[in-house]
Amino acid sequence: MTTRQAGGIALVLIVISVFLLVIFRTIELVQDHGSLAELRELQENAVREAAKSRRQFDALAAGVAELAAQGDSAAKAVVDEMRREGVVLPAPKR
């Protein structure tokens, strides 16, 4: 075997190795993409439920704030406790 043939064989092996590496990484990326898409789909339900719960909480908080503005002492106590806990209540509608 001549030096030229050995160099040619080495070059072919390098090209094949790079090609196989690209194929392997492509397959890996496609699998990762599928996994991420599945995780996102699973999280969408949780996000929708959280948004629904938040809307319900906001409606309840607005009702309690309205009662407190009308002078209900129990509602005032609830509003004060919520403010101490850092909950931001909407201004009561008039």
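What follows is calculated from the coordinates using simple rules that are stated; it is not laboratory data. Since this is a predicted model, take the numbers as computed values, not measurements. Ideal geometry is used to build each Cβ from the backbone, glycine not excepted, and the neighbour counts take in all protein chains shown.
For Arg25, the conditions (1) of a type in the set (Lys, Arg); (2) farther than 29 Å from Val88 by Cβ; (3) within 16 Å of the chain's Cα centre (by Cα) all hold with the exception of (3). Looking only at the stretch 32-69, residues that are over 20 Å from Val88 (Cβ atoms) and of a type outside the set (Gly, Ala, Ser) come to 14 in all.
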